[in-house]
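The values are calculated or read from the model by the stated rules, or taken from the named source; none is laboratory data. Fair warning: this is a prediction, and the values are worked out from it, not measured in the lab. Methodologically, a virtual Cβ is constructed for each residue, glycine included, from the backbone with ideal geometry; neighbour enumeration extends over all protein chains shown. To get the accessible areas, we keep the full protein, side chains included, count just its heavy atoms, and leave off ligands, DNA and RNA. Shrake-Rupley method; radii C 1.70, N 1.55, O 1.52, S 1.80 Å.
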Amino acid sequence: MNDIEKAQVARLVSRLEDLKARSNGTFNPPAWMLDKNRYGKNSLTPQEQQEWAESVSHSMRSTVALSYLIECGNRWGMRDGQHVFRAGNTALGLTRELIENVLIVHVENAILSEQPEQKYLAVYLFYARNDEEKERRGYSWFSDFLDDLFIDVAAQLRAGETTAINSQIH
């Protein structure tokens, strides 16, 4: 590696270390990703590729959740200091953890079951394609997906169907 590449690797590793420190234990990249001397030596093994994809997918999931919370804040404001989603006269309190759980259960698990051989590489590609689409057109599939899911939850709450709600959001 030349000096420029070494500096780029050092910045990437530093960024990972910073993300790990700020995550309160929720982001734990594999040790090889934090090893500045590992980069540029050889290709990633299939196991390392999966570890990388899983780590990056975790970060992308958090970004989608936080972006959606900001979007909801812009649309409906806050209620008692909490982000909300409104559908009709129903307001649902939202947290990053809730949205991430919805993404794991309803998006990532579906991708993993449909493409078991690709595992988290398929999940990463799904998030990456959404990022590209959002960059190109200003549109995020996740916003529509989450809106539709929370509209259904609100309708079920109004109808008194709480049993079905648990299966949707957990």
Rough spin-label spacing in nm, given labels placed 7 Å along Cα→Cβ, for D152 and R129:
2.0
Cα centre as origin, Lys/Arg/Asp/Glu Cβ charges: the stretch 45-170 dipole, Debye:
480
Calculated FRET efficiency for the pair I70/L44, C-beta based, R₀ 45 Å, to 0.05:
0.85
Ignoring any ligand, DNA or RNA, what whole percent of the accessible area of the stretch 1-113 comes from carbon and sulfur when the probe is 1.4 angstrom?
50
Stretch Q82-E17 to full length: gain in nm at 0.36 nm per residue minus the Cα-Cα span?
20.5 nm
Tell me, what is the FRET efficiency for L112 and R136 to the nearest 0.05, using R0 = 25 angstrom and their Cβ-Cβ distance as r?
0.40
Length gained if A91 through N37 is fully extended, taking 0.36 nm per residue and subtracting the Cα-Cα distance, is 14.4 nm
Roughly how many Å² of W141 are accessible to a 1.4 Å probe, to the nearest 10?
90
At 1.4 Å probe size, with every protein chain present, just tell me what the per residue accessible area of the stretch 1-139 comes to in Å².
63
